[in-house]
1. In the range 665-721, what percent of the accessible surface is made up of carbon and sulfur (1.4 Å probe, ligands and nucleic acids excluded)?
2. Using a Förster radius of 56 Å, what is the FRET efficiency between A202 and T308 based on their Cβ-Cβ separation? Nearest 0.05, please.
3. Considering only protein heavy atoms and a probe of 1.4 Å, how much of the accessible area of the range 238-280 is carbon and sulfur, as a whole percent?
4. Round to the nearest 0.05 the FRET efficiency obtained for A392 and E256 when R0 = 45 Å and r is the Cβ-Cβ distance.
5. For the range 822-910, what is the accessible area per residue in Å², given a 1.4 Å probe and the full set of protein chains?
6. Please identify which residues in the range 946-990 have an amide N closer than 12 Å to a label point set 7 Å out from the Cα of N935, following the Cα→Cβ vector.
7. Pairs to check: K128/K805; K313/K897; K70/K112; K768/K1001; K324/K351. Give those whose C-alpha atoms are more than 22 Å from each other in this structure.
8. Residues of the range 323-387: accessible area per residue at 1.4 Å, in Å²?
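The values are calculated or read from the model by the stated rules, or taken from the named source; none is laboratory data. Source: prediction; values computed, not measured. Glycine also receives a Cβ, built like all others from the backbone with ideal geometry; neighbour counts cover every protein chain displayed. The area values use the complete protein model at the heavy-atom level, side chains included, leaving out ligands, DNA and RNA. Shrake-Rupley method; radii C 1.70, N 1.55, O 1.52, S 1.80 Å.
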Amino acid sequence: MAWRFKASKYKNAAPIVPKAEACVREICVGSYQTYGNNIAASGAFMAFNWEHTGSSVAVLPLDDCGRKSKTMPLLHGHTDTVTDLKFSPFHDGLLATASQDCLVKIWHIPEKGLEQSLSDPEAIFSHKQRRVETVGFHPTADGLMYSTAAGCVALFDLSTQKEIFSNNEHPEVIQSASWREDGSVLATSCKDKCVRIFDPRAAGSPIQLTAESHQSIKDSRVVWLGNQQRILTTGFDAARLRQVIIRDVRNFNTPEKTLELDCSTGILMPLFDPDTNMLFLAGKGDTTINYLEITDKDPYLIEGLRHTGEQTKGACLVPKRALKVMEAEVNRVLQLTSNMVIPIMYQVPRKTYRDFHADLYPETTGYKTELVASEWLNGSNQMVPKMSLDPAKREHGDEPIIPRLGPKPFSSTTGDVSFDKVFAVPLAPGSHENISSVGQDSGVEMTPAQGSKPDLIVEIEIKKKHEREPVVAGNGVQKSLTTSERRKIFEQNSESSENSMEGDGDRTDAEMRRLSSSRSSFAERRRIYENRSKSQVDEKPQSPVPLRREHSKVDPLKPSQQQQQQGNIIDTKRISVPEGKLMEEHRRGNGAGLKKSATEAAFSAASTKRTSTVFGKVSKFRHLKGTPGHKSTHIENLRNLSRQIPGECNGFHANQERVAVPLSGPGGKIAIFELSRPGRLPDGVIPSLVNGSNIMDFQWDPFDAQRLAVACDDGIVKIWQIEAGGLSEPTNTPAGELTAHLDKIYFIRFHPLAADVLLTASYDMTIKLWDLRTMSEKCSMSGHTDQIFDFAWSPCGRLGATVCKDGKIRVYNPRKSETPIREGNGPVGTRGARITWALDGHYIVCTGFDKVSERQISVYNAQKLSAPLNTASLDVSPSILIPFYDEDSSTLFVTGKGDSTIYCYEITDEEPYICPLSHHRCTSLHQGLSFLTKNHCDVASVEFSKAYRLTNTTIEPLSFTVPRIKSELFQDDLFPPTRITWSATLSAEDWFASNDKAAAKVSLKPEGMETLSSIQQVPAQPIRKSDHTQFGGQKSEYEINKQQEIQKSVSARMEFTTKLEQDDMEGVDENEWQE
């Protein structure tokens, strides 16, 4: 039979798409202008870009499915879009990410996956202010990584964390790179329309061959066809048609096969399986994935079944050892869409799937190699040993083959075996530095193994620091352990130390410094990171803080002292002090600080720690409910609302007595409506305040419900005094005028504690503080380089925070310095932003936009503004999110002008810091939202927040409540003593004189109302027959007599005896007890 009539075994391989329940759903993926595939897979995990910016990476188990939350753990390691990511072929938990921030970072994924977000990588490599385009691992040498940036190709040795090769001979940006299967040479495709064969070990120029490729400067890809002498490239021709070209390196300038497909803008991502010669072409933005089979003779490319489905954002192949071979699965493509990861299984039809079809599964490349980076660089070539996919020849049968993921969590109190000694990075085999010895006190006899090679991650040395004398065998060569023996010893030592305490207490400052020699190794940094991560994970809810003994607050004891004072060991599992704080004190070696901070941190953690949705905890406000007031409480028939209010103004303000609404038209009018007179407004002229200039901002005095301050575009602030009955006619005579600036005013803010203190921010980029009693300037703040978006006072009234158009957040202490005391990066969008304080002034919440105009909420540590602790993205909308923070419940309400949804979040002091609550969706769009102070909440109805909502035609009250069963009780767990913010705490004179005073607190409990805690604290008493009245009120005398008669009649018909069964049993004599 002629060759062209031979049928391929994979010709009818069919794509099988699982149901939606078996896919990863409800993820957030954007469109990224990168040269990467946006998704990668190993035998255990999948990783892909997250959110529209793509600066974070999501890592999930390979077989994961179901809906995913926006608060899921992520890798937050880059400040810009991640351009490419790859897993190591030899370690399923080793991930490399490249980014536009010019950095390449190495991550170690724990065996159980991400249990919390990571931001500290294992290693960082820089490309010196050049955007990194691609990254990957060498196919045969363990620990060898490559990356490309602009026209530079660089190789890195992970074991030494050093760059071992760099070349800049490519004239344009390198768009793709691919190693030959034997790891000898590299193929690259460049923006100069050429493809090259690159040998980093060659003497002279590493570029061996060059040929013209696709005649378009758009994206192109290259993939080496296994261990053949051929490469395949995808790109665009001069007419922008998508092309596939196959070249033989022995005749490099002449293409062996050129296939022109369709005209589309998305680059074809080639996914090639060298075992089956199956090629998958997934175009970015396409809804189809083409399957072709590559042959070594004409026609070279044979088309198979095509898959049509969702729009593709990225794609990758799953390693062969993770396939379901007993279901004839020959390949699996992970398709990344805008909101899903779809595993597409390619199955070869067979009559039965009970047996292993060996003809479909030739031996594939394994995951164990004996070649390291230094050996390869010195000229050594060694193929990775093949492995069989037959379940009968595998240790775990038909289960997916997953190699070792790295070290498990290690803790020990002894100094004999530690993480860095067990998992040290090996040197090149055969070198003098690599020959290790076993300490005298290890108690294990070891013999050198023949032909053993060290693992990249596992290199066990059991010896103390002071033991430098090696143990020399008879042949004069130091003894070395095999990998299996080292792993066995480590498992035994780690099992014996699992229940012991962390051994970081004896570590000195020098050992913990980032640039010290002890942290220079790859494994040492992993050890420190995993120990720190372990101390920060709360697997169980913390119990109430117990009383601790004095001897439990001292420094950790040495092993010799532990044997003498075993009763004094601190049980870290029983102490509610956050382990991270204790570990930090241990590392610093500050014993006095530990004595003080451990106890204080325990009680402060119990008092300030809030429930959240993290790690299974549920917020008390998770199911909050927003209820609009009855129609009889609405103010209706509003008209002529102004739409020209600047974005820095909230556009609507209310207090407990009246509301202020800007009206359209000339003169800068503000209408005042009395809340005590709801109903339909009469037609005609609406009484208003005529300011004479365009309104920039306005705000009610928090301590005087009749005083309103209005800022105008002429730099003047007008103070209006509203009479008790409200406005009866338009007026243009203010109670006072303050010439604050010579330019327009952005916004004004009253001080939250001091009376008669007003803040103004102007177009001249200055902020001034005024005493309204004397109408004089007291303080000023400078340092802004662009438009000031917002200012917020801290709860204590001492500090203020600003967010600016220059992308900076600044914190001021206005009475001490004109310049900011702290500064950090804020939202990158320039449309607008808002800022507020949270959690007693320890955190700052900022709302704004990202680079693609997506609205987002960021939480910052008020002491460290360099980067946000977490950022939650909402949607793409032009309106600015205006935050309203309730400090008693730590609830954040955010909404924008023209929105119909009020987003609710709880701000916590633990990850993820932003916990979503039940959002409130209104029936119509609103133009503004204004919250009242806490003393106006109806606590009897479990109302913890009250607001007024402005729509196009109405003003309606909005109540936020928490569903409770025993609503007749005062819910003291929801209503702690609240700060008095509706009356002044101190005068302007005292505040400007720095005579600070904390705001007093008051209980919101109504008189005569019992608290929920008092009912719950009463111990449950056994219910007696005569005590049934305690649930139904006092029974009448007739009911009691009737119940007694029923009991007597029932007792007369039943046999009654007081004799017990044990009374007839024979006991023991009294003297027998004494024997």
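1. Percent of accessible area from carbon and sulfur atoms in the range 665-721: 50.
2. So, using R0 = 56 Å, E works out to roughly 0.80.
3. Carbon and sulfur atoms account for 44 percent of the accessible area of the range 238-280.
4. 0.70
5. For the range 822-910, the per-residue accessible area is 31 Å².
6. Backbone N within reach: 978-985.
7. Beyond 22 Å between Cα atoms: K128/K805; K313/K897; K768/K1001.
8. Heavy-atom accessible area per residue stands at 45 Å².
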